[in-house]
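Note sheet for the following structure.
The values are calculated or read from the model by the stated rules, or taken from the named source; none is laboratory data. In this text the structure is predicted, and so the values were computed from the model without any measurement. Cβ coordinates were reconstructed from backbone atoms using ideal geometry, including for glycine residues, and neighbour counts include every protein chain displayed.
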Protein chains: 2
Amino acid sequence: MNFPSKLIEDAVTEISRLPGIGKKTAVRLALHLLKQNEVVTEALALAITRMREEIKYCQTCHNISDDLTCSICKSHRRDRSIICVVEDIRDVLAIENTNQYQGLYHVLGGVISPIQGIGPEELKIESLITRVNKGEVSEIILALSATMEGDTTSFYLSRRLKDSGIKVSSIARGIPVGGELEFTDEVTLGRSILTRINYG
Amino acid sequence: MNFPSKLIEDAVTEISRLPGIGKKTAVRLALHLLKQNEVVTEALALAITRMREEIKYCQTCHNISDDLTCSICKSHRRDRSIICVVEDIRDVLAIENTNQYQGLYHVLGGVISPIQGIGPEELKIESLITRVNKGEVSEIILALSATMEGDTTSFYLSRRLKDSGIKVSSIARGIPVGGELEFTDEVTLGRSILTRINYG
């Protein structure tokens, strides 16, 4: 694309580096910003720079935080005896939005993936074991993706936590709410029969 | 959504102000930026602020420019006898990408729309008349959208330019290249018959 201005070309190039944003969308966004008041672009620029430069990671659970301890780990309303182990910060946000969980979290920062060269030592597993060994925790809920890598990580963690004697569980895998039986893939359906829930 | 960090919340709020970007995409983009090197976010922030603050508009054609005269108006390779009248900067980019046009442009900054309270005096029409009156121009091509507002503006401009005696044309309206006749709407098809091209 030939741009009549180097300034807009630079902006389009930078915007189109974002995931899922192509050249056309980048042009649309750049021209939109051009039409806005300077305050709008300044606020956007400041927000992303501040976020990147000033954000911290919680020393306990490795969640994003404004301080050295995140608001969830600090909160007195949370159940400190349960830790939910997740892959990513995004998963914390997703679980928080369900309003179904009142315990603490532990963000691994990934899952074990030999193909991508990610072994257990690349993840925040040792700090999880340290947290467990402090004796406050009575249950670990593994909330990892239902993929090969997620399952491998869950298996590895359940083995590592075996000796601690605390309860280790995993979030249920089965047909999603609203999902129709006939359109569910056979692996999911098979698993949902194996891990069926007893009513009484 | 409950964010564990005010910094990320601010960034998400600002990003989701962009058109076509919802809360979920904004979270995805913010978390992507978090994972990148600081250089990436800084470059993005700088590019959008500089674009908004330093960009100029060409004094002749009102296209975006790094100087007071844009690269197209400055160029010695362009045909100075033809002016293509467009609504928006985006249209200049679109026409430039066709590589079919070698003349100059004139960006109106909108189209006449009584509903939105945009009259001819809100648009860069007087400066177009001034350019035409200088005598260098021999043809005006109206390249406005095939909407009610676009047609109204084209009609208004053709009337205003009538006395100048120069040729006024409009880009062709008809079935798009690759378009099938049976799926073309009747208005377009009707127009394409009325404005048919003579082969010889």
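Can you confirm whether residue A:157 is more than 17 Å from residue A:88 (Cα to Cα) and buried (at least 16 other Cβ atoms within 10 Å of the Cβ)?
So residue A:157 does not fit the description; no.
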Every residue from region A:48-61 that is over 16 Å from residue B:21 (Cα atoms) and facing chain B (nearest Cβ under 7 Å): A:49, A:50, A:51, A:52, A:53, A:54, A:55
Odd one out for residue A:66, checked against (1) at pLDDT below 90; (2) outside the structural domain of residue A:172 (by TED's automatic domain parsing); (3) within 16 Å of the chain's Cα centre (by Cα): (3)
In region A:165-200, the residues that are of a type in the set (A, V, I, L, M, F, W, C) and either in a loop (DSSP other than H, G, I, E, B) or out of contact with any helix residue (DSSP H, G or I) (no Cβ under 9 Å at 6 or more places or on another chain) (or both): A:166, A:171, A:172, A:175, A:177, A:183, A:187, A:193, A:194, A:197
Counted residues, region B:1-25 - those being small (Gly, Ala, Ser), surrounded by 17 or more Cβ atoms within 10 Å (Cβ to Cβ) and farther than 19 Å from residue A:39 by Cβ: 1
Qualifying residue in region A:71-85 (condition: assigned by TED's automatic domain parsing to the domain that holds residue A:137 and touching a residue at least 60 places away in the same chain (Cβ under 8 Å)): yes
Residues that are within 18 Å of residue B:14 (Cβ to Cβ) and outside any helix (DSSP H, G or I), drawn from region A:21-67: A:21, A:36, A:37, A:55, A:64, A:66
Long-range neighbours under 7 Å by Cβ, at least six apart or interchain, first residue more than 7 Å from every other protein chain (Cβ to nearest Cβ) and touching a residue at least 60 places away in the same chain (Cβ under 8 Å) within region B:16-32, second surrounded by 14 or more Cβ atoms within 10 Å (Cβ to Cβ) and basic (Lys, Arg): none
Filtered residues of region A:1-14 (kept if farther than 22 Å from residue B:73 by Cα and more than 7 Å from chain B (Cβ to nearest Cβ)): A:12, A:13
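Would you kindly identify the strands (runs of 3 or more DSSP E) lying entirely within region B:68-164 that contain at least 3 residues that are in contact with a helix residue (DSSP H, G or I) (Cβ under 7 Å, 6 or more places away or on another chain) and within 14 Å of another protein chain (Cβ to nearest Cβ)?
By residue number, B:103-107.
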Residues within region B:144-190 that are at pLDDT 90 or above and among the acidic types (Asp, Glu), tallied: 2
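Could you grab me the full set of residues in region A:130-150 that are farther than 19 Å from residue A:90 by Cβ and either surrounded by 14 or more Cβ atoms within 10 Å (Cβ to Cβ) or among the polar types (S, T, N, Q) (or both)?
Pass one, region A:130-150, residues farther than 19 Å from residue A:90 by Cβ: A:130-140, A:148.
Answer for region A:130-150, where residues must be farther than 19 Å from residue A:90 by Cβ and either surrounded by 14 or more Cβ atoms within 10 Å (Cβ to Cβ) or among the polar types (S, T, N, Q) (or both): A:130, A:131, A:132, A:133, A:137, A:138, A:139, A:140.
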Out of B:126, B:186, sole residue that is over 19 Å from residue B:86 (Cβ atoms) and free of Cβ contacts under 8 Å to residues at least 12 places away in the same chain: B:186
